[in-house]
1. With the requirement that a residue be surrounded by fewer than 19 Cβ atoms within 10 Å (Cβ to Cβ), among the aliphatic types (A, V, I, L, M) and in contact (Cβ under 8 Å) with a residue 24 or more places away in the chain, what does region 411-450 give you?
2. For region 186-236, which positions are more than 22 Å from Gly105 (Cβ to Cβ) and part of a strand (DSSP E or B)?
3. Would you mind telling me which numbered condition in (1) under 25 Å from Asp242 (Cα atoms); (2) among the polar types (S, T, N, Q); (3) in contact with a Pro (Cβ under 7 Å, 6 or more places away or on another chain) Thr494 fails?
4. Are any of the residues in region 385-395 part of a loop (DSSP other than H, G, I, E, B) and touching a Pro at 6+ places or on another chain (Cβ under 9 Å)?
5. So, Ala491, is that one assigned to a loop (DSSP other than H, G, I, E, B) and modelled with pLDDT of 95 or more or not?
6. Out of the residues in region 255-270 that are in contact with a strand residue (DSSP E or B) (Cβ under 8 Å, 6 or more places away or on another chain) and either at pLDDT below 95 or part of a helix (DSSP H, G or I) (or both), state the one that is nearest to Tyr460 (Cα to Cα).
7. Using the structure shown, decide if Pro461 is out of contact with any helix residue (DSSP H, G or I) (no Cβ under 6 Å at 6 or more places or on another chain), part of a loop (DSSP other than H, G, I, E, B), free of Cβ contacts under 8 Å to residues at least 40 places away in the same chain and farther than 21 Å from Asn311 by Cβ.
8. Output the number of residues of region 219-238 satisfying the condition of being among the hydroxyl-bearing types (Ser, Thr, Tyr), in contact (Cβ under 8 Å) with a residue 24 or more places away in the chain and either surrounded by fewer than 21 Cβ atoms within 10 Å (Cβ to Cβ) or not assigned by TED's automatic domain parsing to the domain that holds Ser275 (or both).
Amino acid sequence: MADQSFATFSRGQLRDEILSNFRTGLRSRINPATGAPFSETEIAVATAQGSRFWIEADAIDLVCLGLQARGTVLADQVRIDRASPEWLRDYHSPLWGVPYLPASGGGGKVAAAATSGSVWVGSTTLGAPAAVYGTDETGLRYQVLLGETTPGSGTVTLQLGAVDSGTQTNLAAGKTITWANPPLGAQPTATVLAPGFTGGTDAETDQEFSKRLASQIRHKPASGNSSQMRAWAREATNSVEDAFVYSCAYHAGSVHVAITQKRGTTTGPNARVPSLATLATVTAYLVPPGSPVVPSRVHVVVTGVTAQPTNTILQLNLPKRSTAGYTDAAPWPGYVSAVADVNQVTDQTHFRVHSDTALPAGVSAPSLMVWNQSTSAFEKLLVASVSSAGSGNYNVTLSSPPASTIAVGSWISPDIGRRVSLSQGITDYFDSLGPGEIINLTSDDRAHRAARFPDPAEEYPYRAGAAIVARLGEALGSAFGDGVLVSMSPATPTVPAEPILGPNLLVAGKVAIYSL
């Protein structure tokens, strides 16, 4: 049973208390049949299991437990973090005047072909009749957000935003958009560019709603304070994961709002960097004079965040020769003072690795994995052979090329059976971090008023560190023995050259794991 702020009783506890009180009462009374006080034997028989008094006490215990269960359920419902979906929607949402957010559309870049000089009309107002739009293979609509003119090359990159909504608008790179009203001279289709469309979400979930509502209750929005600006930014579109407010960052009456985007189904370190479509929606909602919520006298600047990769080296104590840990009995490469990295690439099945640990005796094809920085995931390498090339260098031959690209500087680790869980744990850790500051808090006179809200000590810390070890322990479960963070650089996001650039956000760069 969840912890409650009031006393609760376990099964049989009230029954035993009733019988104990009954026994105490019998000891002070006279047995009418004998004219003498009740003996302990008579009392024990009268209150033994199955007796009339025991059955009555047990029935009372059951009734009270039922009433108690109702009380504990009600106690859970009044707590936002424990409430059921029905209570969240029918009680907390109307009580606080905070509705659930509807689904939102994704956005991204496409490559379109047209004769030089063709004008693509765009608008950040979704559904604008004059804007060029197209549809995907399922009929969902996507609109040009920013007007462009086709250059002499005949190919133009366009920013599109989904008019329709849902995760299905997160189109993968390579998908085709068919134009409905293209300019003269345009080809009928365009191609979605990497990394694809992001920001499309289904309707707000109960977990997302409870988290958003709890933060508003913790920091009450009022009179345009930082909490209110944060709440407005989050309600602008369900694509927004959270908003970070820097009050008076430019001058009195100015507000800088930086947003992160919900990851959704998007992979990779940049998934939380908002798309132009998400930024346009939040900007339209927050920036006067067009804002429906912010007074015209307020100077509001809305930006996203800039991903700043941080390289991480860890040593983990995991079982060896196990699907729950390291694949090999003697995991290689190891770690002494330098990461094992690729220093020469012939092709995607032949490359050279430098390691400061020797290949174990008798091992010619160790199990290896490589970190794919673009997807934030480890990939198993199909090793055919590894041979020494001298001076700590080893020639690696693969039986087939990996899905990711091996390049000079790629980090190589011994293979771990639960690499998927490990990768997810790393992603979850970096997703728990928030953006840094937009001014230097130690030297800037604005530090007392322009520090980030919410405070990183309360929500979304921006400094990375040893907490990643605990997160990986949760991801790996009982197989995890211990872990050490060897290196993480940088550990704190740098301050941008100018506040208008928005804050930096630490994301997973290169990652290597070695046996502890």
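1. Within region 411-450, Val420 is the sole residue that qualifies.
2. Matches in region 186-236: Ala186, Gln187, Pro188.
3. With (1) under 25 Å from Asp242 (Cα atoms); (2) among the polar types (S, T, N, Q); (3) in contact with a Pro (Cβ under 7 Å, 6 or more places away or on another chain) applied to Thr494, the lone miss is (3).
4. Just the residues of region 385-395 that are part of a loop (DSSP other than H, G, I, E, B), to begin with: 391-392.
Checking which are touching a Pro at 6+ places or on another chain (Cβ under 9 Å) leaves us with none.
No, every residue in region 385-395 fails to be part of a loop (DSSP other than H, G, I, E, B) and touching a Pro at 6+ places or on another chain (Cβ under 9 Å).
5. Numbers: assigned to a loop (DSSP other than H, G, I, E, B): yes; modelled with pLDDT of 95 or more: yes.
Here the answer is yes, as Ala491 does meet what is asked.
6. Of all residues in region 255-270, those in contact with a strand residue (DSSP E or B) (Cβ under 8 Å, 6 or more places away or on another chain) come to 255-264, 266-267, 269-270.
From what's left, either at pLDDT below 95 or part of a helix (DSSP H, G or I) (or both): 263-264, 266-267.
On the way: Arg263: 15, Gly264: 18, Thr266: 20, Thr267: 20 Å.
Across region 255-270, the extreme among qualifying residues is Arg263.
7. Details: out of contact with any helix residue (DSSP H, G or I) (no Cβ under 6 Å at 6 or more places or on another chain): yes; part of a loop (DSSP other than H, G, I, E, B): yes; free of Cβ contacts under 8 Å to residues at least 40 places away in the same chain: yes; farther than 21 Å from Asn311 by Cβ: no.
It is false that Pro461 is out of contact with any helix residue (DSSP H, G or I) (no Cβ under 6 Å at 6 or more places or on another chain), part of a loop (DSSP other than H, G, I, E, B), free of Cβ contacts under 8 Å to residues at least 40 places away in the same chain and farther than 21 Å from Asn311 by Cβ.
8. The initial filter retains those residues of region 219-238 that are among the hydroxyl-bearing types (Ser, Thr, Tyr), namely 223, 226-227, 237.
Within this subset, residues satisfying the condition of being in contact (Cβ under 8 Å) with a residue 24 or more places away in the chain are 226-227, 237.
Add one more test, that the residue is either surrounded by fewer than 21 Cβ atoms within 10 Å (Cβ to Cβ) or not assigned by TED's automatic domain parsing to the domain that holds Ser275 (or both), and what stays is 226-227.
Here the count works out to 2.
The values are calculated or read from the model by the stated rules, or taken from the named source; none is laboratory data. The shown structure was predicted, so the numbers you read here are calculated from the model rather than taken from an experiment. Every residue, glycine among them, receives a Cβ derived from its backbone with ideal geometry; neighbour counts consider all protein chains shown.
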